[in-house]
Amino acid sequence: MFKTLIYLFLFTPIILLTAINHGVKAEESKPKKKIISRVDKLFFKDGKTDLHGALVIPNTPGPHPVVIFVHGSGPADCTGYNSYFPIWEYFASCGFASFAWDKPGVGESKGDWSQQSFKDRANEVLSAIQFLKSQNDIDSKRIGLWGISQGGWILPLAASMSKDVAFIIPVSGPGIGAKEQDIYTIEHQLKADGFSEKEIEQAKDFMVSFNKLAQDDASIQKLSELIDKFKDDAWFKFISQAVNDWEKSFAFAKKMAKENYDPVAVLEKVKCPVLAIWGELDMLVPAQKSKEIFEKALKKAGNKDVTLKIFPNADHNLMLTKTGGWKEQEQKSKEGKLQLAPGYFELMGDWLKKRFGNKEKSENK
């Protein structure tokens with residue numbers, strides 16, 4: 001999916017999506033009443049590609065500031081497979097609209113997400129911004145971005161490409177590149193879920209080989225031969241839970257192998273307000289290291305409005321955790337015990353209202 005196999009992990013895993021949809025306990029973060037006025041089904045174009053999206057309008061006077069949701073890796077519909085609903089509702093309680101769309105080739109959108117580079121994804125975001133500027137309910141001066149995981153790489157890139165991006169909120173965004181990310185994920189995620197050092201080494205060998213095949217633009221047959229070597233191993237079956245389609249993942253990896261994305265160089269060009277959030281026990285992204293990289297790079301950019309926060313005892317999805325492992329969260333889901341990190345929604349809402357709420361509304365739409 002990415003330049004390396006990390007792209008197979010940098011999205012909300014299927015087992016956790018199901019858990020979040022049915023088991024999140026975040027009463028302290030949910031508004032007391034629903035104030036969503038309506039959800040508009042809309043279509044827009046990115047170049048020649050038709051994309052289907054949902055615009056969530058709050059039940060407050062407009063024109064509204066809007067938060068564009070930028071997905072992590074892999075396929076995703078406009079609701080993030082229902083995981084965005086609680087955030088949309090909370091943002092609406094703060095007077096903010098939300099907008100997201102089916103990834104290319106998913107739902108009612110045309111195209112193929114596996115053929116997109118990071119720059120393609122960033123350009124898609126900028127197309128969405130231009131589209132939203134034409135909507136009467138939206139304040140064109142207050143259009144910002146929220147994105148989790150891989151989205152945390154796309155947000156700074158889009159912001160570095162256009163002054164139309166008013167703000168960015170990367171959640172669990174990596175401050176490091178894909179190759180380093182690969183090793184971090186395998187070592188930490190598999191260890192957190194109880195796999196042995198031998199199994200972890202095997203998984204790392206698989207990743208190196210996968211990456212080499214993508215770099216060499218190898219055939220699907222070569223990929224199949226590689227998978228056949230490990231398909232019966234427990235660690236391989238475990239990581240395969242997060243892969244919807246190996247062939248598409250491989251196609252995306254090939255695309256990304258040519259891009260060689262450098263997150264530091266991009267962050268050094270970001271001038272808009274930034275709220276970056278991580279979980280302390282994120283097994284996919286090195287939270288403290290990423291925070292330090294963001295801080296240094298954004299300081300070099302001359303950015304004067306930067307807020308960086310690591311939530312203690314929280315995982316990649318900002319769920320409370322003891323281990324950061326998928327197995328723990330899957331079990332919590334079955335027991336209905338999943339819980340968001342206290343203060344996560346409030347931090348975003350307060351930050352947004354202070355800078356872009358109605359009191360700060362721009363004079364010209």
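For the criterion of being touching a Lys or Arg at 6+ places or on another chain (Cβ under 8 Å), small (Gly, Ala, Ser) and farther than 23 Å from Leu281 by Cα, Ala178 fails. For region 291-311, does any single residue satisfy the condition of being farther than 25 Å from Met161 by Cα and in contact with a Gly (Cβ under 6 Å, 6 or more places away or on another chain)? Yes, the conditions are met somewhere in region 291-311. Among the residues of region 268-280, are any within 25 Å of Phe118 (Cβ to Cβ) and at pLDDT below 95? No, because not a single residue in region 268-280 is within 25 Å of Phe118 (Cβ to Cβ) and at pLDDT below 95.
A quick yes/no check of all residues on (1) over 24 Å from Pro174 (Cα atoms); (2) of a type outside the set (Gly, Ala, Ser):
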| position | (1), (2) |
| --- | --- |
| Asn59 | yes, yes |
| Gly95 | yes, no |
| Ala100 | no, no |
| Gly107 | yes, no |
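Val165 meets the conditions (1) touching a Leu at 6+ places or on another chain (Cβ under 9 Å); (2) assigned to a loop (DSSP other than H, G, I, E, B); (3) within 19 Å of Val39 (Cβ to Cβ) in every case but one. The failed one is (3).
This table checks each residue for (1) surrounded by fewer than 22 Cβ atoms within 10 Å (Cβ to Cβ); (2) within 11 Å of Val165 (Cα to Cα).
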| position | (1), (2) |
| --- | --- |
| Lys119 | yes, no |
| Val125 | no, yes |
| Arg142 | no, yes |
| Gly147 | no, no |
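Let's see how each residue does on (1) among the charged types (D, E, K, R); (2) within 29 Å of Lys103 (Cα to Cα); (3) touching a Ser or Thr at 6+ places or on another chain (Cβ under 8 Å); (4) not in a helix (DSSP H, G or I):
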| position | (1), (2), (3), (4) |
| --- | --- |
| Glu180 | yes, yes, no, no |
| Gln221 | no, yes, no, no |
| Ala253 | no, yes, yes, no |
| Glu259 | yes, yes, yes, yes |
| Asp282 | yes, yes, yes, yes |
| Ser290 | no, yes, no, no |
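Number of residues in region 303-327 that are without any contact (Cβ under 8 Å) to a residue 24 or more places away in the chain and surrounded by 16 or more Cβ atoms within 10 Å (Cβ to Cβ) equals 1.
Put simply, of Phe69, Phe131 the only residue that is surrounded by fewer than 22 Cβ atoms within 10 Å (Cβ to Cβ), under 21 Å from Phe356 (Cα atoms) and touching a Phe, Trp or Tyr at 6+ places or on another chain (Cβ under 6 Å) is Phe131. Scanning region 315-347 for residues that are in a loop (DSSP other than H, G, I, E, B) and of a type in the set (Asp, Glu) yields a single hit, Asp315.
The values are calculated or read from the model by the stated rules, or taken from the named source; none is laboratory data. Computed from a predicted structure; not experimentally measured. For neighbour counting, all protein chains shown are included, and Cβ atoms are generated from backbone atoms with ideal geometry for every residue, glycine included.
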